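All remarks here apply to the structure that follows.
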Amino acid sequence: MASIIEKQNQILHEFKNFDSWEPKYKHIIQLGKNLQAMPEEHKTENFKLKGCQSQVWLFAKLNDDKKIEFLADSDALIVKGLIALLLRVYSNEFPTDILKNPPKFIHEIDLGTHLSPSRASGLNSMIKYIMNYALAFDLMQKSSK
């Protein structure tokens, strides 16, 4: 299984194959269309993110091997694609590994500057929620030892 750094490098390689932002946006939208469906039972106010223009839900649980499994969805395709990128990097990873590896690929593909201010703010909010889940699960694991 690829490490977080390897997964980020794979995304960088994918985006270097595009010569302009239009095909990059199309790729992000396609990733959103391919995102695993989130069960309706998790689309509640408890899992709805604050700070996003669109509706975004993010659910996280610790699986049997102590890795975090993320499920997410949005009502906007571009946002759903951004979520797909983040989940591709961070889902099924250990909390400590998530905390040690910020999403450098976001800056390296210059994604933040090519999104509207509200979408960029929403992306930052999604990243904060993922990191907060990782921190909470990390602390929970350390306190149970």
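No value in this document is a laboratory result; all are computed from the given coordinates. Keep in mind that this is a model prediction, so the values were computed, not measured. Note that we place each Cβ from the backbone using ideal geometry, even for glycine, and neighbour counts take in every protein chain shown.
So the values come out like this:
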read-out	value
Extension gain (nm, one decimal) between ASN46 and ASP110, 0.36 nm per residue minus Cα-Cα	19.9 nm
Computed [θ] at 222 nm, deg cm²/dmol, the chain (DSSP H ≥ 4; -39,500 (n - 2.57); rounded to nearest 500)	-17000 deg cm²/dmol
Computed P(r) (all Cα pairs; the chain; 5 Å bins; percent)	2, 10, 19, 23, 22, 14, 7, 2, 1, 0
Per-pair calculated FRET efficiency, R0 = 22 Å: GLN30 and GLU69 via Cβ, rounded to 0.05	0.45
Other-chain or far-sequence residues with amide H under 5 Å of ASP73's (modelled H)	TRP57
Reachable lysines from LYS80, criterion Cα separation under 18 angstrom, eight or more residues apart if same chain	LYS24, LYS26, LYS33, LYS43, LYS48, LYS50, LYS128
Partners for LYS67 among aspartates and glutamates (Cα-Cα distance below 14 Å; same-chain residues under 8 apart left out)	GLU93, ASP97, ASP138
